[in-house]
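See structure below.
What follows is calculated from the coordinates using simple rules that are stated; it is not laboratory data. Since this is a predicted model, take the numbers as computed values, not measurements. Quick reminder, even Gly has a Cβ in these numbers, built from the backbone with ideal geometry, and neighbours come from all protein chains shown.
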Amino acid sequence: MEDQLPPEASLEEKGLTNKQIQFCREYLVDFNGAQAAIRAGYAVKSARVTACNILKSEKVDAYLKKLLKDAELGPEETAKLISDIARGSLNDYFTTRTVEFTPKIRKPVVELIREIEAEIEFEEDYALEAELSDDELALHAAHQALRQKSIVRYRLLLKRNPNATEIVDGPTELKEIPELDMAKLVADKERGKIKSITPGQFGTKVELYSADTALTNLAKIHGLFAAEKVDANLKATVHVSITKEDIEQFREAFNAKY
């Protein structure tokens, strides 16, 4: 026998049992009747039949509408939610950030020697003009010695291979990189557009509510659609997993375009 309701129960709740009330609240989480019945404490084996019977109740229907009204999700909000999800895409949850990027490039060793010689000459002029202290001059001389050793190394390479090249740092440039906008994801979850956000070892998994089970049922409850006139285009389950590989693919596409 199910528990009696407390005296402070609402008018709509007083026509239901505790389990039926819990079922209604669970049903609005994902609009999966069988799972809602299980989470509410009904038997697993008969959960689907139980959910079907509960949903036929006019009192349950009235209580579901009350819960929706309390959540301030009316017909207009429902229609907008459907539209937002229909128009949404993975790219909506990425933002860009400007960072410094230093690419690796291949250069002829002959050119590298010329660059180091020019750098040595510049540093000598700088030391004369800057009036360095004894400690600063000692550090400057040590750096110049390292540059000279680099030239010796590169000349040895040229003796073995006149066409030798080396991979070195290229010019630093500013670059736009995409990043997952976690703030927007969390905000959309609070608005009901996203079912779950789960951080994982290989990236962040994002699950959207399915169009046929969640939004279509929600629209039916508000009377936006007649059961026989529901657009067949809504009957497509949408599950999106944003993994590390997805982000890398997006970055490649973004870099190719910009």
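A few notes on this one:
- Ascending count of other beta-carbon atoms within 10 Å, so fewest first, for D125, D30, D61: D125, D61, D30
- Taking other C-beta atoms within 10 Å as the exposure proxy, C52, C24 rank C52, C24 from fewest upward.
- Highest-first arrangement of 42-50, 169-177, where packing means the average Cβ count within 10 Å: 42-50, 169-177
- Packing here is the average count of other Cβ atoms within 10 Å per residue, and on that basis the peptides 158-168, 179-189, highest first, run 179-189, 158-168.
- Neighbour counts of other Cβ atoms within 10 Å put F31, F122 in the fewest-to-most order F122, F31.
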